[in-house]
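A short worksheet on the structure shown next.
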Amino acid sequence: MYRKAFVGRAGELSKLDTMYSSPRQQVTLIYGRRRVGKSELIKQFIQQHPCDAIYYECKQTTEQNNVSSLSALVSEKFSLPPLGFGDMEKLLEFVFTQACDRKIILVLDEYPYLQKTVTGLDSILQSLIDRYTGKSRLKFILCGSFVETMKKLLLRHNPLYGRISLVLNLKPMNYLESAGFYPSFSHADKVRLYSVFGGIPYYNSLIDENRSVKENIMELLTLPGARLEDEVYMYLNSELSRITNANEVFEALTRGFSRFSDILSQSHINSSPTLAKVLEKLMLMDMVEKEAPINDARNKKKTGYYISDNLSRFYYQYIFCHASQRRIMNPEVFYERYIARDFEQAYVPKRFEEICKQFLVLKNQQGEMPEPFEAIGKYYYDLPREHKNGEFDVVTKDDRGYAFYEAKFREAPVTAAMIEQEIRQVNETGLYCYQYGFFSRSGYEEIDRQDVVKYTLDDLYASVAP
């Protein structure tokens, strides 16, 4: 497979460019979950600057092994004979010294590996940074995938506290940036692909534009030996001491249980504190998100937990729970029986709602909403007399009041009768909105209402810049 061009991250590259343009020594911290594109971002940044750049991926070996490997890169970069340094501190000081005469970019990728190997490395770096402040022009970048470890570098008690000038917490891309990896697909297929592979650049880079959506899913996820079949397990296993509890949480979430008490009762996790720790860790890993209704944000009982990583959602929805069948069935039959129908009729339409929500946020951030909203999310309603309660998934709140949005990923156009019925059902719950928005995959029949705004897939993929 050919290597795809670099996609997205314009904002992050701009911040790195600003950092690089400074005449002073700069320390940058880049962290984020596995596969989110940290290393590719750094490499793209380095390619844009014709300077002496040293990129080193730290290894899970001894200090001396890392010293030897990094020394070889330094020798090559500065056209020097082999350098013999006794420890990492002396080697790093040599680079700081070289940067007194010229700009140098030094990247230590997967920094936690080196941190575990070199005793007191944070303190060593603090000493070097302080000693060469005002003298060195080094652009020093620390990068890592172990989010919890990297975030500790920012805490007050850490030696590096106050020394880091730029922090980039790299998050998964939104639906629009992700579509840059597969531009030749139809807009509807872009929705389907994002619903499975989400905003993780590595996953999206594997998508083959010469294959259909189904063929890509099978090739990358459901076929025996598929490239990403163990991806979710490997990520969880690298970050969690007990993957069993995470499996329990994900199974409960995919069955539609979102409240803390419901997850606890539906899983085999033995205590509330244990569940709280698992959920906290999964949120830190960008796999689960916590959301309260915008009209009752402080009510913990109404707060829900939802799978935010699309690949994890797909994996637990279709692969994890059917592992036995997958092992013995023909791959095509397995896909048609356990995935195809539900994927098109339930799974993708639900993910489409999230894409529409992202679209509204992008428009709001860019000042393109007629009424800038201050909150977006779920709206909870409770009708005791009718013994009925529930949530609307996408509602915004601004100075004028509430605006309701509904997403329809269906083959046929949205009719005027469907819109009127939807508005009537919303009003019956007591939620009266000054505007009702609709998103349709297949367009609309005519409707004449001033309080209705209609979006199509062309709007989602054309009118908002990433």
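The values are calculated or read from the model by the stated rules, or taken from the named source; none is laboratory data. What you are looking at is a predicted structure, and each value in this text was computed from that prediction instead of being measured. Neighbour counts are summed over all protein chains in view; Cβ atoms, including those assigned to glycine, are modelled from backbone coordinates with ideal geometry. Heavy atoms of the whole protein, side chains included, go into the accessibility calculation; ligands, DNA and RNA do not. Shrake-Rupley method; radii C 1.70, N 1.55, O 1.52, S 1.80 Å.
Summing +1 for each Lys or Arg and -1 for each Asp or Glu among the other residues whose beta-carbon sits under 9 angstrom from that of S442 gives +2.
To put it simply, the accessible area of the chain at a 1.4 Å probe is 47 percent carbon and sulfur.
For K277, the aspartates and glutamates whose Cα falls under 15 Å of its own Cα, not counting residues fewer than eight places away in the same chain, are E148, E239, E248, D286, E289.
Can you pick out the pairs among K171/K350; K152/K378; K59/K139; K116/K290; K190/K214 whose Cα atoms lie more than 24 Å from each other?
Check vs 24 Å cut-off fails for K152/K378; K116/K290.
In this structure, the amide hydrogen of V452, modeled 1.01 Å from its nitrogen in the peptide plane, lies closer than 5 angstrom to those of Y436, counting only residues at least 5 positions away or on a different chain. Largest first, the residues K77, K38 sort by 1.4 Å accessible area into K77, K38. Report the Cα centroid-to-centroid distance between segment 348-378 and segment 163-186 in angstrom, as an integer. That distance is 17 Å.
Between helix 272-284 and the chain there is an angle of about 70 degrees, using the helix long axis and the longest principal axis of the Cα atoms.
Put simply, the C-alpha atoms of segment 423-466 give a gyration tensor, and the ellipsoid matching it has half-axes of 24, 13, 9 Å, longest first.
Answer with a single label: of (i) 26.8; (ii) 24.0; (iii) 24.9, which was calculated as Kirkwood radius over Cα pairs in Å from the structure in view? Looking at Kirkwood radius over Cα pairs in Å for this model, the match is (iii). Summing charges over all other residues whose Cβ lies under 9 Å from the Cβ of T117, with Lys and Arg as +1 and Asp and Glu as -1, gives +1. Each stretch of four or more DSSP H residues adds -39500 (n - 2.57); spread over every residue of the chain, this sum gives -11500 deg cm²/dmol at 222 nm. Rounded to the nearest 20, the Cβ-based charge dipole of segment 351-466 about its Cα centre (Lys and Arg +1, Asp and Glu -1) stands at 220 debye. 3J(HN,Hα) along segment 442-458, derived from phi through the Karplus expression 6.51 cos²θ - 1.76 cosθ + 1.60 where θ = phi - 60°, amounts to 10, x, 9, 7, 5, 8, 10, 9, 6, 9, 10, 10, 10, 10, 10, 5, 4 Hz, with x in place of Gly and Pro. When you restrict to C-alpha pairs under 8 Å that are six or more residues apart and normalise by the size of segment 367-412, the relative contact order lands at 33 percent. What segment 72-145 shows is 41 Å² of accessible area per residue, with the surface traced by a 1.4 Å probe over protein heavy atoms. Within the shell defined by Cβ-Cβ distances under 15 Å, the residues around Q365 carry a net charge of -2, with Lys and Arg each +1 and Asp and Glu each -1. Under the criterion of Cα pairs below 8 Å and six or more residues apart, the relative contact order for the chain equals 12 percent. Heavy-atom accessible surface of segment 318-386, averaged per residue, reaches 55 Å², computed with a 1.4 Å probe. With all protein chains kept in place, the per residue accessible area of segment 151-307 amounts to 46 square angstrom at a probe of 1.4 angstrom. Accessible area ranking (1.4 Å probe, heavy atoms, ligands and nucleic acids excluded), largest first, for M19, M283: M283, M19. Taking all Cα pairs closer than 8 Å and separated by 6 or more residues, the relative contact order of segment 156-229 comes to 24 percent. Round to the nearest 10 and give me the degree value, 0 to 90, for the angle of helix 187-197's Cα axis relative to the longest principal axis of the chain. Computed tilt is about 60 degrees.
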